[in-house]
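Working notes, beginning with the structure itself.
Values quoted throughout were computed directly from the atomic coordinates according to the rules given, and no laboratory measurement underlies them. Just so it is clear, the structure is predicted and the values come from calculations on it, not from any experiment. Don't worry about glycine lacking a Cβ; one is built from the backbone with ideal geometry, like all the others, and counts go over all protein chains shown.
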Amino acid sequence: MNENIVSVENVIKQIDGMNLEPQLELIAYIANKIHKYKSSPNKKTL
């Protein structure tokens with residue numbers, strides 16, 4: 001569990017170091033994944 005927290009913290013640090021445009025592209029990518037998941041008839045448990 002602690003390894004996951006460290007990994008998430010590292011990802012957050014990387015995102016914080018990015019310029020705005022790549023951050024927005026990442027947000028759009030994640031939003032698209034969420035939209036596909038929510039509209040999927042066969043939702044998988046996360």
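Look at segment 20-34: where a residue is without any contact (Cβ under 8 Å) to a residue 60 or more places away in the chain and a partner is part of a helix (DSSP H, G or I), sitting 6+ places away or on another chain with Cβ atoms under 9 Å, you get Pro22/Ile15; Gln23/Ile15; Gln23/Asp16; Leu26/Ile15. Scanning segment 15-28 for residues being loosely packed, with under 10 Cβ neighbours inside 10 Å and part of a helix (DSSP H, G or I) gives a total of 3.
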